Each structure stands twice: as C-alpha cells, then as structure tokens.
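The values are calculated or read from the model by the stated rules, or taken from the named source; none is laboratory data. Note that the coordinates shown come from a computational prediction; the quantities given were computed from them, not determined experimentally. Using ideal geometry, Cβ is built from the backbone for each residue, glycine included, and neighbour counts are taken over all protein chains shown. Only protein heavy atoms, including side chains, enter the accessible area calculation; ligands, DNA and RNA are left aside. Shrake-Rupley method; radii C 1.70, N 1.55, O 1.52, S 1.80 Å.
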Amino acid sequence: MIKRPKYHFTPKQNWINDPNGLCYHKGLYHLYYQYNPKSTMWGLMHWGHAVSRDLMTWENKDIALALGGEYDKDGCFSGSAIEHNNELHIFYTGVNYKEIKYKNGIPLSANLNAFTPTEMHAVSKDGGMSFEKLEPAVITDERFTDKVHVRDPKVWKTKEGFYRMVLGNTEKHRHGSLVFYKSHDLYKWEYEGKWFDTSFGWGWECPDFFELDGYEVFMFSPMGAGDNIVPNISMYLTGRMDFQNFDFDWENKGLLDECSDIYAPQTFMHDGRRIMIGWIRMLHPFDGENYTGMMTIPRKLSVKNGRLFSYPVEETLSKRKEKVHEKTANEHKINIEENVYDMEISFTENTNISLYQSEKGDGFYINYKKDESILTIDRSSALNGYTGIAGYEKKDIYLPLNKKVDLRIIADNSIIEIFINGGEKSAACVMPSNEKGIEIKSSGELKCKIWRM
Ligand code: FRU
C-alpha cells in the first residue's frame, strides 16, 4: 500500500477536488472542499469540511453542505467564504441538471453541458459547521454570461468597503472571461462588469482576484490553456486592474505549478498573510486505496518584480523534528526511515538528486544542467504502474543562467513539493512509491540539510 501523507490533507475515503471557502473563523482555519461522499470518482459534489489550528494537521468534520435544493439538486460546486457580523457566509454554484442518471454517485448518462448553474448564498451561525441556504445571490444574466459555464464565486471586501464577487466564465467556448458583481450587504448583488483575454484557453474556472505587494493578482484555472498532455492548468497574471473600465493591464504571467498536478487553488487572508491551498489532482486512487486527491501544504504568496512566489507557510518549520543530515560535499547518501522530511539544498554546478530511489536505481530524479540552466524533474521511473497522474511525469524547468539554485523539498510519503529559489517556481508531484533511498551527486560542492518531519 502506498503510504498516506502526514501533513497534506487527504479525505478518509472517496473523491475530493477543489478547496472551497478557505478562511479563518472563530479560532480555526477552515478547509471546505469538493467532495463526493459516494465514490472515489467525481460525481455528487458536496462540501466536505476539515479544520486546523496550525495549517499543518487537519481534523475531519461532518459534511458542511449537501446538495438537494431547487437550485442545487445535483451539486454544490466550488465557492468561497467571508466573515460578516461574526457569521460565516459562503457563496457557491448550485447545479441543476436537466436530465441525469447516477450509478453509485457517479453521473452515468447526462448531457454534461445541459445544466443550470445558480450562484448560491448560505450562512453559518455555528462557527462554520453547518449552513442555512438563503435565496440565490445571483441568477446570472444571460446578456453577460454563458448559460452553463459560469461558476465558482470568489467574494471579498474591497478597500472602498463594499463586496465584490468574481465568477469564471466562457465566451461561446472560444475564450475565458470574468464577470464581476457588487453588493453592499452580501444579500443584494448587481452586475458590475466583465473582463476577458483571448490567450488562455476556452473557459476559466475558480478565479481568485487579490491585491498583493502593490500588484493585482488574478489566479485562475483556464481549461484548454495547457497542451495535449495537460490541457487544464492553473496560472496567474499580475498587473493593474482598472475597476472603472474593467480593464486588467497585466504585465506578467506564470504557471502556478510547474508539473501541473495542482488545479483550482484558492487563497484567503489571515494574520496579514495571503495563504493559498491547491487541489493536488489524482485521477483515481492508488492501488488498494479508497481515496482520491490531496491538498497542498498551505503556501504563503508574495509578488516580487511582478512574479508570484509561493512558499510553504512558516508553520512547516515547527514540524521539523531532528536534523538527520547536514553536509557540504559532492556526494551525499542518506538513509531515511520514512519519506516525511524537509530538505534544503543549494548548488551551482551540474547536479543529480535522486529521491525515493529503489535498489534497482529507479526513483524521483531532479537533474540540473548548468550550461542550459535547466532543472528537470522526472518521476516516470517511479510510478509503480499508477496511471492516475494528472500533471507531467517529466518536466524541464528553465531557470536564470549562472545563478545559484536553492531548493526546498518537502517529501510527505505519496507527495513531494519542490520550491525553487524561494518559491519563484514550484512543483507538487504525486509519488506512488514507498522506496526510501536518497542519493545526491554534484560536480561541485553542494550543501544539503534534511530534517525529519
Ligand atoms: C474545478 C471545477 C469547478 C467546479 C468544481 C466541480 O475543478 O470544475 O469549476 O465548481 O470543480 O466539482
């Protein structure tokens, strides 16, 4: 059996996808998530719920939001949370299919494009454990939006003091767009404007819009913006948004994650930090397991020179136990008891890092070629027959020439997260292996530290 992660949230059983309603409310961090309680595959979407005091260990709670009303009889799709007058308000997309048949919680036959989405509003008076559904927040106006693919409300309070909602949308399946609504009380919403860009795929899911370090950041999951191997990816744009004319003048774009196992990330603010959690996609369970999908370790976001950095929250440091390795040398060979560790490593010369290495030599490879400044991540020899990887098995990552490379690697049994140069680039990689060998070789002296976690 492939070991479960210790610090990455996984459901006890069945399917999860997007993080929803991330927030800090009444002394707890809340992680809601898309959850099918009936199957290890996507289907009847509820909001599952977990809470944490330290962002590192999560306690499972009962399902917070179930389908069943007039507008959400077939699903409570993704959305967000906002605290108001000491109560927790959530906004999500209710889904009602015209015709659908299910078997064991998985849609069997349906025209998956024949549904009506409604942007729903619900409120919790018991600290986020359960929600009372209210009237829909917004029945989207067909003059402005696609009838079907408009969803995933993200709501925030503006500097001016009113509330704004952004929805992901498509323009006739040709390109993605955003629709904005505004409200003064969270109950009455009016259409405000829209923005689109024809460069990124055919439709946008899970939009998030926020100000950070003097930039406006648009984080989204554009469908069809990737390639044939990974069509749906997560990205960011940074720039300046003119909310008078709904013109987003973006300067920089980037992948949220280099291997694209991550999808549908969401952020929230707490303690002055912009914290992000992303869904780590799995297409099906590991052999013999009964759950599908994981969440990233929460990351703190920042923007430097227009580039979005994401780096594990400081709370990860408090989970470091004893240091099991610290050495500066050309070669390192480390015996580790368990693949649950935090590693820091820096180098300038050609370097080969092999993790989860088996006796045969298969493993998770990170290879740096100095001349081309390419860091290659390659997990293809360590998949052990698992066919549920959603992102790239092998990826070349281009780094600035002639610069020292700093890596922080958090291995957590069946998932590895790699942060390059302070989080300017990152890669989360599902790893279906329990092999434990660590071997590093470099043509220059290289510094490596490892803590057990
Ligand atoms: C993204 C997504 C959202 C939708 C949800 C349904 O992964 O497709 O757009 O709300 O998942 O589970």
The one condition F196 fails out of (1) surrounded by 13 or more Cβ atoms within 10 Å (Cβ to Cβ); (2) at pLDDT 95 or above; (3) under 19 Å from S80 (Cβ atoms) is (3)
Of I297, I280, I275, the only residue that is modelled with pLDDT of 95 or more, within 16 Å of the ligand (Cβ to nearest atom), under 27 Å from I82 (Cα atoms) and of a type in the set (V, I, T) is I280
Within region 161-180, the count of residues that are away from the ligand (no atom under 16 Å from the Cβ), touching a strand residue (DSSP E or B) at 6+ places or on another chain (Cβ under 8 Å) and at pLDDT 95 or above comes to 5
Output for Cβ contacts, cut-off 7 Å, separation at least six or different chains, first residue at positive phi in region 47-63, second of a type outside the set (F, W, Y), reads L55/P298; L55/V313; L55/E315
inquiry  = Looking at the structure I just gave you, is V148 over 22 Å from R273 (Cα atoms), touching a Pro at 6+ places or on another chain (Cβ under 7 Å), without any contact (Cβ under 8 Å) to a residue 40 or more places away in the chain and within 16 Å of the ligand (Cβ to nearest atom)?
reply    = yes
**Asked** Would you say R240 is within 27 Å of K300 (Cα to Cα), of a type in the set (D, E, K, R), more than 16 Å from the chain's Cα centre (by Cα) and open to solvent by 10 Å² or more (accessible area, probe 1.4 Å)?
**Response** yes
Picking from E87, E70, E83, E59, the residue that is open to solvent by 10 Å² or more (accessible area, probe 1.4 Å) and over 22 Å from A137 (Cα atoms) would be E59
Filtering strands (runs of 3 or more DSSP E) wholly in region 344-453 for at least 2 residues that are more than 23 Å from S318 (Cβ to Cβ) gives 351-357, 364-369, 374-378, 394-398, 425-430, 437-452
